[in-house]
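The values are calculated or read from the model by the stated rules, or taken from the named source; none is laboratory data. Given the structure is predicted, the values throughout are model-derived calculations rather than measurements. Every residue, glycine among them, receives a Cβ derived from its backbone with ideal geometry; neighbour counts consider all protein chains shown. Each accessible area value is taken on the protein alone, full model and side chains, heavy atoms only, with ligands, DNA and RNA left out. Shrake-Rupley method; radii C 1.70, N 1.55, O 1.52, S 1.80 Å.
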Amino acid sequence: MEKEDAQLFFVPTYVKCVRMFGGLNDKEINHTFVQMLQQMPHFRRSGGRDHVFLFPSGAGAHLFKDWEKYINQSIFLTPEGDRTDKRGTSAFNTWKDVLIPGNLDDSITSVVPAAEDTVRPIPLSSRKYIANFLGRAQGKAGRLKLLKLAQMFPQKLEAPELAFSGLKKLGRKEYFEHLRNAKFCLAPRGESSWTLRFYESFFVECVPVILSDEMELPFQNVLDYREFSIKWPSSRISKELLDYLESIPDAETERMLANGRKIRCLFVYGPESEGCTAMIGILWELQRKVRLFHQSKETFWLHNRTLVNRDLFPMESWSLPVQLP
C-alpha cells in the first residue's frame with residue numbers, strides 16, 4: 001500500500017470501452033485523460049516510465065489523442081504488435097511495451113469439460129482437412145486468396161466465408177467443431193496483424209500457421225515459436241502452401257501439437273495459483289521493465305535523497321493542480 005515502494009503502477013483505464021459504452025467523445029476522452037494524469041504525483045515523478053496502461057486494440061492509444069505528449073514513455077499492454085495501427089505514428093514500441101494474448105472463450109481452455117457441449121480435440125487421423133480458415137474475408141488480400149484456394153481444393157482446405165449473422169454465421173460449438181477438423185489452422189492478417197484463431201488452435205490441437213508477416217507474438221523471450229507453430233509468407237498463399245503442409249509427416253505434426261500442449265497455459269487468463277497463466281507471463285515481462293531508479297524532466301533530488309519538483313518542494317508536498325469533474 002506504500003506507493004513509494006512500488007516498482008510499477010497499473011492504470012486501469014480501458015479507453016476503447018469508454019468510447020463505446022461510456023458516452024464520451026474523443027475530445028472528452030482526451031480531456032479526462034489529461035486531468036487524470038495530473039492527479040497522479042508518481043506519474044509526474046517518473047515521466048510515466050513506471051506506469052502501465054492497457055490498450056487492447058491497435059487504435060487504443062490513439063483514442064487518447066495526446067498520448068504522444070503525455071504517455072509516450074509509459075508501458076503499454078496490448079495484443080496489437082504490428083506497429084502500424086493505421087496511423088502515421090505507431091503506439092507500439094518493441095523495447096518498452098508488452099504483447100499480451102487475446103482473451104479466449106473459457107469453455108475451450110478448460111481442462112475439465114464444463115458442459116456437455118464442450119468441444120474437445122479429435123485424433124489427427126480422423127480429421128477431414130489438411131488445413132482450414134474460419135473467418136470473415138474483410139476484403140483482405142490474404143483471406144480472399146484462401147477462399148479462392150478452398151474453392152479450388154475443397155478436399156484439402158476448408159474456408160467458408162463466415163458472417164456475423166445469417167446462414168453463414170457459425171455458433172460457438174459449431175465453430176470449434178469445424179476448427180478441430182484440420183491438422184493446420186491458418187491465421188491470416190485481418191483488420192490487424194493478429195487473430196484469436198492463432199490462440200484457439202492450441203486448444204483444438206491443430207498447428208497454427210501464421211500468414212501475417214508483421215505479427216508480433218507474446219513472451220518471445222521464453223517461448224520458441226518454431227517448436228509449435230509455422231509462419232509462412234503471406235505473398236506465397238497458393239497451392240504451394242497446401243503442398244507444403246500436406247508433405248509434413250504426421251509424426252512431426254504430433255510433435256508440434258505436443259509442444260503446444262506444454263505452453264498453451266500461457267495463453268489463458270487463469271488465476272495465478274495455477275502457476276502457468278497469461279498473467280504469469282505478463283508479470284515475467286513486466287519484471288524485465290523494472291528500473292532501480294526513475295526520474296523525469298520535472299523531478300530533482302537533493303543530498304539527503306529528497307525528491308523535489310522544480311520549485312524545490314518535496315514530492316509529498318506536491319498539490320493536485322486540477323480537480324477532476
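Average accessible surface for the chain: 54 Å² per residue, computed with a 1.4 Å probe over protein heavy atoms with every protein chain in place. Translational diffusion coefficient of segment 164-303 (Stokes-Einstein, Kirkwood radius from Cα pairs, 20 °C, 1.002 mPa s): 121 µm²/s. Scalar couplings 3J(HN,Hα) for segment 163-179, obtained by applying the Karplus form with A = 6.51, B = -1.76, C = 1.60 to θ = phi - 60°, are 9, 6, 8, x, 5, 8, 8, 9, x, 4, 5, 4, 4, 5, 5, 5, 4 Hz; x denotes Gly and Pro. Its Cα centre serving as origin, segment 208-325 has a Cβ charge dipole (Lys and Arg +1, Asp and Glu -1) of approximately 500 debye. Full extension of the chain between Trp95 and Gln220 gives 43.8 nm of extra length, using 0.36 nm per residue less the Cα-Cα distance.
For the peptides 17-30, 303-316, 256-269, 184-197, residues were scored by their other Cβ atoms within 10 Å and the scores averaged per peptide; the highest-first order is 184-197, 256-269, 17-30, 303-316.
At a Cβ-Cβ separation cutoff of 4.7 angstrom, cysteine residues of the chain with no neighbouring cysteine are Cys17. Counting every pair of alpha carbons in the chain, the share spaced more than 38 Å apart comes to 26 percent. Here the Karplus relation 6.51 cos²θ - 1.76 cosθ + 1.60, evaluated at θ = phi - 60°, turns the backbone of segment 209-214 into coupling constants of 10, 7, 10, 9, 4, 9 Hz, with x for every Gly and Pro. Cross-link pairs exceeding 27 Å in C-alpha to C-alpha distance, out of Lys96/Lys140; Lys27/Lys168; Lys69/Lys140; Lys3/Lys69, comprise Lys96/Lys140; Lys27/Lys168; Lys69/Lys140. Taking Cβ atoms as reference points and 12 Å as the exclusive limit, the residues near Ile100 contribute a net charge of -4, counting Lys and Arg as +1 and Asp and Glu as -1. Computed over protein heavy atoms with a 1.4 Å probe, the carbon and sulfur contribution to the accessible area of the chain reaches 54%. Think of each Lys and Arg Cβ as +1 and each Asp and Glu Cβ as -1; about the Cα centre, that makes the dipole of the chain roughly 780 debye. Shown is the FRET efficiency for Met40 and Cys17, computed with R0 = 25 Å from the Cβ-Cβ distance and rounded to the nearest 0.05: 0.80.
Rounded if a/c is under 1.5, else prolate if a/b is larger than b/c, else oblate: which is segment 129-195, with a ≥ b ≥ c the root eigenvalues of its Cα gyration tensor? The shape class here is rounded. Dividing the mean sequence gap of close Cα pairs (under 8 Å, 6+ apart) by how many residues the chain holds gives a relative contact order of 18 percent. For segment 13-29, 3J(HN,Hα) computed residue by residue from phi via the Karplus equation (6.51, -1.76, 1.60; θ = phi - 60°) reads 9, 10, 4, 5, 5, 4, 5, 6, 10, x, x, 9, 8, 4, 5, 5, 4 Hz, glycine and proline entered as x. With a Förster radius of 22 Å applied to the C-beta separation of Asp105 and Glu274, the computed FRET efficiency comes to 0.80.
Annotation: Glu298 carries an accessible surface of approximately 80 Å², with a 1.4 Å probe and no ligand, DNA or RNA atoms counted.
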